[in-house]
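Step one of this worksheet: look at the structure below.
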């Protein structure tokens, strides 16, 4: 969140401080929490157009609408660009006005799903007053990326100028994609390593289960998870499957080395994003950053810089699962259930590691490359991703059973996996359902998706 904390903090002196920052994320299992984030496309009901920032049916009006539910505005250069609330969580804007809920760290999936439900109820109330809707898909199905608006956030101006220099789909990623992700904790470096490896290997499996972005500019793309395909050509310096995570000696320090080699985007000072695109954080550490000569970074600068790396799984003081398309309400609760079931029970984590431990770098990359196109039908060794998804879901189900976190009527967290079991057992992804509707009852138009898949 934009603030001026960086300039009031002491400068970083050496790499050990960066490693210590990550290590400080370690916490005992009884303090592990679940943070869920999801994005959705707002649109006008009368013409299905995306919302500009200003105007009666604009993004600023949407954000202002959240104030009646106890949210407080965050300003950047006089523009409302986010909302925060006592108790944690925030509502923020992606580059083309996609509205994101970054949920509070919660103890179980019941609380997470309650949070998501409450947020979407607020969205519906605001939408009803403004004559707008919210769509849960992984990629915008109708309007060209060039027709999507830009939000007035300084960091997006820097990214907009830099992205086309390093990849072919960066602007599509920024303006036309939506995701759901979950953030999870670890208790030690060894625990982090094991969770990182399991989740990175299985990220394409989650991508397949959640594949929900088959359209672009009103037509099928040939990919079931086009959003995931877009990420294969955004910026090779800051995205991908991170083979080094599986190498001997991987740990917090090795990840710090990786992030230090990610080119910078910006430095935030005095309410302004200073363009440092393509420059080196190592030079910044030496006081030789061209954008801020003689100045050294603070830990807040490091935190900002870490947020500009975009691998399939990202390490901060927690691990972020980043591989899945946005979708409808039930699947927003299913994603944290999947990863909590796999990673927050020691037996499930062991079983998941047994599932993936002999996969090679080339095999993991092949899964990452093929799944956006063929999802559950992707062939792997002598089976398909559908088979692996069933194995992973069974492991997660058992993990959630052993967690035994029950709601007020005695249900444990396993029922949140039901939508994923239905997908895996049928072998039909959400994207394939969309394509069947497009070919049959929608008669070659994507417009009905705005009604049938709205929140």
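Listing for the model above:
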| read-out | value |
| --- | --- |
| Residue pairs meeting the criteria (Cβ under 9 Å; at least 6 apart or on separate chains; first on the phi < 0 side of the Ramachandran plot and in a helix (DSSP H, G or I), in the range 29-49; second modelled with pLDDT of 95 or more and surrounded by 21 or more Cβ atoms within 10 Å (Cβ to Cβ)) | 29/185; 29/344; 31/185 |
| Of residues in the range 76-90 being over 18 Å from residue 105 (Cβ atoms) and out of contact with any strand residue (DSSP E or B) (no Cβ under 7 Å at 6 or more places or on another chain), the one surrounded by the fewest Cβ atoms within 10 Å (Cβ to Cβ) | 78 |
| Filter pass, residue 102 being closer than 19 Å to residue 177 by Cβ and surrounded by fewer than 20 Cβ atoms within 10 Å (Cβ to Cβ) | yes |
| Checking residue 34 against (1) closer than 21 Å to residue 181 by Cβ; (2) touching a helix residue (DSSP H, G or I) at 6+ places or on another chain (Cβ under 8 Å); (3) at pLDDT below 95, the condition it does not meet | (3) |
| Residues that are over 30 Å from residue 260 (Cβ atoms), in a helix (DSSP H, G or I) and touching a strand residue (DSSP E or B) at 6+ places or on another chain (Cβ under 9 Å), drawn from the range 301-333 | 331, 332, 333 |
| Members of the range 266-280 found to be surrounded by fewer than 17 Cβ atoms within 10 Å (Cβ to Cβ) and not in a strand (DSSP E or B), listed by number | 270, 271, 278 |
| Residues located in the range 81-99, provided they are over 22 Å from the mean Cα position of the chain (by Cα) and modelled with pLDDT of 95 or more | none |
| Residue list for the range 394-405, filter: surrounded by fewer than 23 Cβ atoms within 10 Å (Cβ to Cβ) and touching a residue at least 60 places away in the same chain (Cβ under 8 Å) | 403, 405 |
| Residue check for residue 334: buried (at least 23 other Cβ atoms within 10 Å of the Cβ), within 15 Å of residue 181 (Cβ to Cβ), touching a helix residue (DSSP H, G or I) at 6+ places or on another chain (Cβ under 8 Å) and in contact (Cβ under 8 Å) with a residue 24 or more places away in the chain | yes |
| Selection from the range 334-364 of residues that are farther than 21 Å from residue 105 by Cα, out of contact with any strand residue (DSSP E or B) (no Cβ under 9 Å at 6 or more places or on another chain) and not in a helix (DSSP H, G or I) | 357, 358, 360 |
| Pair list, Cβ < 8 Å and 6+ apart or interchain, from the range 204-230 residues that are at positive phi to residues that are at pLDDT below 95 | none |
| Qualifying residue in the range 183-201 (condition: farther than 23 Å from residue 22 by Cβ and either in contact with a helix residue (DSSP H, G or I) (Cβ under 8 Å, 6 or more places away or on another chain) or buried (at least 21 other Cβ atoms within 10 Å of the Cβ) (or both)) | no |
| Sole exception among (1) assigned to a helix (DSSP H, G or I); (2) more than 29 Å from residue 218 (Cα to Cα) for residue 129, by number | (2) |
| Residue satisfying condition, being exposed (fewer than 13 other Cβ atoms within 10 Å of the Cβ) and under 30 Å from residue 403 (Cβ atoms), within set 16, 24, 107 | 24 |
| Given (1) surrounded by fewer than 17 Cβ atoms within 10 Å (Cβ to Cβ); (2) assigned to a helix (DSSP H, G or I); (3) over 24 Å from the mean Cα position of the chain (by Cα), number of the condition residue 443 does not satisfy | (2) |
| Hits in the range 57-90 - residues which are assigned to a loop (DSSP other than H, G, I, E, B) and over 18 Å from residue 36 (Cβ atoms) | 57, 58, 70, 77, 78, 86 |
| Every pair of residues 6+ apart whose Cβ atoms lie under 8 Å, when the first sits in the range 420-434 and is on the phi > 0 side of the Ramachandran plot while the second is surrounded by 24 or more Cβ atoms within 10 Å (Cβ to Cβ) and modelled with pLDDT of 95 or more | 427/376 |
| Check on residue 368, in a helix (DSSP H, G or I) and under 30 Å from residue 230 (Cα atoms) | yes |
| Unmet requirement for residue 2, which otherwise passes all of (1) modelled with pLDDT of 95 or more; (2) part of a loop (DSSP other than H, G, I, E, B) | (1) |
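For every residue, the table says whether it meets (1) buried (at least 20 other Cβ atoms within 10 Å of the Cβ); (2) in contact with a helix residue (DSSP H, G or I) (Cβ under 6 Å, 6 or more places away or on another chain).
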{"site": "92", "(1), (2)": "yes, no"}
{"site": "97", "(1), (2)": "yes, yes"}
{"site": "121", "(1), (2)": "no, no"}
{"site": "136", "(1), (2)": "yes, no"}
{"site": "165", "(1), (2)": "no, no"}
{"site": "169", "(1), (2)": "yes, yes"}
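To keep it simple, each residue is scored yes or no on (1) under 23 Å from residue 232 (Cα atoms); (2) in contact with a helix residue (DSSP H, G or I) (Cβ under 6 Å, 6 or more places away or on another chain).
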position: 367; (1), (2): yes, yes
position: 410; (1), (2): no, no
position: 413; (1), (2): no, yes
position: 430; (1), (2): yes, no
position: 436; (1), (2): no, no
position: 454; (1), (2): no, no
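The values are calculated or read from the model by the stated rules, or taken from the named source; none is laboratory data. None of these values were measured; they are calculated from a predicted model. A quick note on method: Cβ atoms are made from the backbone with ideal geometry, for glycine too, and the neighbour counts reach across all protein chains shown.
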